[in-house]
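Student: The structure follows.
The values are calculated or read from the model by the stated rules, or taken from the named source; none is laboratory data. Computed from a prediction, not measured in an experiment: that's the story for all the values here. With ideal geometry, Cβ positions are generated from the backbone for all residues, glycine too; neighbour counts draw on all protein chains shown.
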Ligand SMILES: Cc1ncc(COP(=O)(O)O)c(C=O)c1O
């Protein structure tokens with residue numbers, strides 16, 4: 001069968017699609033697997049209980065078991081392409097209540113997960129543009145700090161349109177302990193990017209907290225990025241999939257701001273509802289209209305099921321309470337446990353951990369590891385432990401000469417204590433052996 005160029009673009013195997021298949025296959029195998037590789041949120045009892053309760057309440061309005069007419073009407077009908085209006089109204093009041101952003105319903109659109117939002121936004125702001133003389137010019141999405149989210153890499157309909165900046169690496173302490181580092185935006189390199197200076201950037205985008213590193217860009221870094229975006233008249237897209245106020249998996253003391261040049265993307269996935277495929281975009285009216293138009297073509301209307309579950313939780317702030325009281329402390333504890341286990345497993349070996357500031361991962365740096373972390377991934381897989389090697393997390397960067405991109409791994413902390421303990425034990429054994437052999 002012959003596929004169009006579009007078809008070929010989206011069906012060609014990518015490194016990461018093969019890896020994801022690999023992770024999926026490993027889970028299906030009859031051998032026990034220490035799954036530290038995926039992006040699934042953890043199963044947290046309080047979260048599951050609340051969702052189940054809310055789900056049950058969708059079917060009945062009261063103790064007499066009378067069907068909840070508004071929920072049924074909502075699910076039995078398409079919404080308009082912007083998304084479920086009751087959820088949008090609840091979100092408008094919620095954000096205005098907590099952040100004073102002065103939003104109206106014209107500032108919010110829903111998507112089928114935030115991955116769907118990035119597909120729209122990166123194709124809206126990256127790719128071929130017509131200049132004033134109607135000549136075609138290519139514009140890119142600027143990633144101010146890579147490593148960045150793997151899921152951005154292949155969303156462009158044609159080619160890849162990224163300009164990316166490598167990080168400053170600062171050694172830092174964490175809870176008074178050595179052995180940590182933090183990435184910071186290299187603003188000199190960013191401001192000197194020819195693509196930025198020549199008007200070839202369509203938008204700036206960062207995830208905050210960042211998948212894969214757990215980094216949280218500081219308020220100063222965000223303010224600087226917002227200023228650059230305004231100066232070049234391009235939007236700043238903030239991927240808030242792990243950020244505040246939900247799921248609030250963020251431990252550093254920072255603020256969330258919004259203005260009409262900012263496109264904020266939220267998701268219900270990391271509060272524990274990835275299967276609901278619900279994303280939320282907060283942006284200027286013009287962007288919301290564009291997203292709604294794309295929704296109409298691609299989906300007719302976004303799914304309403306996640307909206308139906310989340311609306312009551314947003315209305316009375318239970319989504320925030322759940323995030324503050326259960327989700328955030330859970331991951332913070334997981335991060336501390338994983339750090340402790342890693343330090344025990346690797347002792348004086350050259351392990352550096354990115355300061356855990358949020359998200360559901362730890363990012364480990366094995367400096368001067370004698371093999372690439374892609375090869376390390378294979379060795380760990382043979383021993384039933386899955387992580388993700390770092391080289392895939394650099395969209396827009398040719399990593400062939402960048403050693404650091406081959407020395408790190410992403411490790412999920414969403415697994416239960418036993419899996420974390422067993423997986424980290426294997427990582428410790430394999431990595432120690434590699435360094436020991438290199439010394440001989
Ligand atoms: C940083 C980041 N952004 C976006 C997404 C996409 O999430 P979803 O489409 O489930 O909302 C993910 C998922 O892992 C992510 O880690």
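Student: Could you list, in sequence order, the residues of the stretch 91-113 that are in contact (Cβ under 8 Å) with a residue 60 or more places away in the chain and assigned to a loop (DSSP other than H, G, I, E, B)?
Tutor: 101, 103, 112, 113, listed by residue number.
Student: Determine which single condition residue 266 fails, assuming it passes every other condition in (1) within 16 Å of the ligand (Cβ to nearest atom); (2) modelled with pLDDT under 95.
Tutor: Here residue 266 clears every test but (2).
Student: Could I ask something else about it? Are any residues in the stretch 152-207 within 24 Å of residue 362 (Cα to Cα) and outside any strand (DSSP E or B), and if so, which ones?
Tutor: The answer is 152, 153, 154, 165, 166, 167, 175, 176, 185, 186.
Student: OK, next. Which one of 87, 118 is farther than 30 Å from residue 409 by Cβ, in the same structural domain as residue 182 (by TED's automatic domain parsing) and within 16 Å of the ligand (Cβ to nearest atom)?
Tutor: Criteria check complete, one pass: 87.
Student: Another question, then. Mind telling me which of the residues 236, 225 ends up being in contact with a helix residue (DSSP H, G or I) (Cβ under 7 Å, 6 or more places away or on another chain) and away from the ligand (no atom under 12 Å from the Cβ)?
Tutor: 236 is the lone residue from the list that is in contact with a helix residue (DSSP H, G or I) (Cβ under 7 Å, 6 or more places away or on another chain) and away from the ligand (no atom under 12 Å from the Cβ).
Student: Among the residues of the stretch 216-247, write down those that are over 20 Å from residue 283 (Cβ atoms) and out of contact with any strand residue (DSSP E or B) (no Cβ under 9 Å at 6 or more places or on another chain).
Tutor: 219, 220, 224
Student: I'd like to verify a number: residues in the stretch 273-323 that are within 13 Å of the ligand (Cβ to nearest atom), surrounded by 23 or more Cβ atoms within 10 Å (Cβ to Cβ) and part of a loop (DSSP other than H, G, I, E, B), how many?
Tutor: Result for the stretch 273-323: 2.
Student: Does any residue of the stretch 68-90 turn out to be under 30 Å from residue 426 (Cβ atoms) and not in a helix (DSSP H, G or I)?
Tutor: no
Student: What is the one condition in (1) surrounded by fewer than 20 Cβ atoms within 10 Å (Cβ to Cβ); (2) free of Cβ contacts under 8 Å to residues at least 40 places away in the same chain that residue 373 does not satisfy?
Tutor: Going through the list (1) surrounded by fewer than 20 Cβ atoms within 10 Å (Cβ to Cβ); (2) free of Cβ contacts under 8 Å to residues at least 40 places away in the same chain, residue 373 breaks only (1).
Student: Ok, one more. What is the number of the single condition among (1) in the same structural domain as residue 95 (by TED's automatic domain parsing); (2) in contact (Cβ under 8 Å) with a residue 40 or more places away in the chain; (3) closer than 30 Å to residue 53 by Cα that residue 287 does not meet?
Tutor: It fails just one condition, (3).
Student: So which residues in the stretch 359-395 are within 16 Å of the ligand (Cβ to nearest atom) and on the phi > 0 side of the Ramachandran plot, if there are any at all?
Tutor: The one that is within 16 Å of the ligand (Cβ to nearest atom) and on the phi > 0 side of the Ramachandran plot: 359.
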